[in-house]
Ligand SMILES: CC(C)(COP(=O)(O)OP(=O)(O)OC[C@H]1O[C@@H](n2cnc3c(N)ncnc32)[C@H](O)[C@@H]1OP(=O)(O)O)[C@@H](O)C(=O)NCCC(=O)NCCS
């Protein structure tokens with residue numbers, strides 16, 4: 001497993017370990033309504049400690065296989081999960097690409113923390129993982145997500161109808177990507 005830990009001005013970013021399960025559970029429970037419109041439906045065990053532990057164990061496997069890199073974004077003393085992001089669906093060969101997913105707790109929204117964490121994550125995706133393209137897709141009505149991606153330099157590449165099953169129904173998505181810029 002690649003040991004990865006980033007520090008930004010306001011956050012510590014790393015893969016989850018089993019001891020993070022209670023903090024992850026709090027994050028899930030406190031933000032249930034906040035995330036529900038933007039995520040797939042969760043199984044009924046999603047808000048249990050057991051499920052959080054299972055998700056954390058699964059992180060180790062995807063990372064070891066170079067399939068994905070899910071991160072937790074903590075406050076400076078690593079007691080609270082502020083946000084998460086995932087460099088998922090890594091494809092190597094001629095593509096060298098992944099999909100980016102992300103979300104921040106309702107109470108930390110609107111302060112530039114998600115952006116701060118993603119700048120560090122994208123830097124590592126291009127330099128550490130040697131990826132060439134990071135793709136991120138959002139529902140047309142998700143204006144916050146659109147603004148965040150635009151600010152990071154993602155460019156619109158298309159529009160996919162009924163692309164992902166979110167909150168129980170297939171939703172159209174705007175497709176965007178960031179190609180390894182010279183600054184990374
Ligand atoms: C999408 C989401 C991650 C955006 O989070 P965010 O906190 O708005 O994103 P940023 O970190 O870029 O913060 C930008 C805001 O912080 C403000 N800000 C304050 N200080 C800042 C700083 N130092 N740098 C940048 N922005 C700063 C900006 O003015 C901006 O405010 P505005 O949105 O009112 O214009 C968040 O809304 C979320 O988790 N939504 C639910 C899940 C979701 O939709 N996930 C994505 C699915 S595609």
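Just so it is clear, none of the values below were taken in a lab; they were calculated from the coordinates. It should be emphasised that the depicted structure is a prediction, and the values quoted were computed from it without experimental measurement. Cβ placement follows ideal geometry from the backbone for every residue including glycine, while neighbour counts extend to all protein chains displayed.
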Answer with yes or no whether residue 151 is within 11 Å of the ligand (Cβ to nearest atom), surrounded by fewer than 18 Cβ atoms within 10 Å (Cβ to Cβ) and not in a helix (DSSP H, G or I). no
Taking the range 12-47 and the residues there that are more than 16 Å from the ligand (Cβ to nearest atom) and assigned to a loop (DSSP other than H, G, I, E, B), the one that is surrounded by the most Cβ atoms within 10 Å (Cβ to Cβ) would be 16
For the range 34-62, pairs from a residue that is more than 20 Å from residue 23 (Cβ to Cβ) and in contact (Cβ under 8 Å) with a residue 60 or more places away in the chain to a residue that is assigned to a helix (DSSP H, G or I) and within 16 Å of the ligand (Cβ to nearest atom), with Cβ under 8 Å and 6 or more apart or across chains, are 38/145
Pairs returned, first residue in the range 102-114 that is farther than 11 Å from residue 30 by Cα, second residue that is part of a loop (DSSP other than H, G, I, E, B) and within 6 Å of the ligand (Cβ to nearest atom), beta-carbon separation under 6 angstrom, 6 or more apart or interchain, are none
Considering the range 1-11, residues that are within 12 Å of the ligand (Cβ to nearest atom) and more than 17 Å from the chain's Cα centre (by Cα), and then whichever is surrounded by the fewest Cβ atoms within 10 Å (Cβ to Cβ), we arrive at 9
Pairing a residue in the range 135-162 that is touching a residue at least 12 places away in the same chain (Cβ under 8 Å) and within 18 Å of residue 113 (Cβ to Cβ) with any residue that is in a helix (DSSP H, G or I) and away from the ligand (no atom under 11 Å from the Cβ), where Cβ atoms lie under 9 Å and the two sit 6 or more apart in sequence or on different chains, gives 152/122
Would you call residue 119 touching a residue at least 40 places away in the same chain (Cβ under 8 Å) and touching a strand residue (DSSP E or B) at 6+ places or on another chain (Cβ under 6 Å)?
no
Of the residues in the range 93-125, those that are surrounded by fewer than 20 Cβ atoms within 10 Å (Cβ to Cβ), more than 9 Å from the ligand (Cβ to nearest atom) and closer than 20 Å to residue 15 by Cβ number 5
I'd like to know if the range 138-146 contains one or more residues that are in contact with a helix residue (DSSP H, G or I) (Cβ under 9 Å, 6 or more places away or on another chain), within 13 Å of the ligand (Cβ to nearest atom) and assigned to a strand (DSSP E or B).
yes
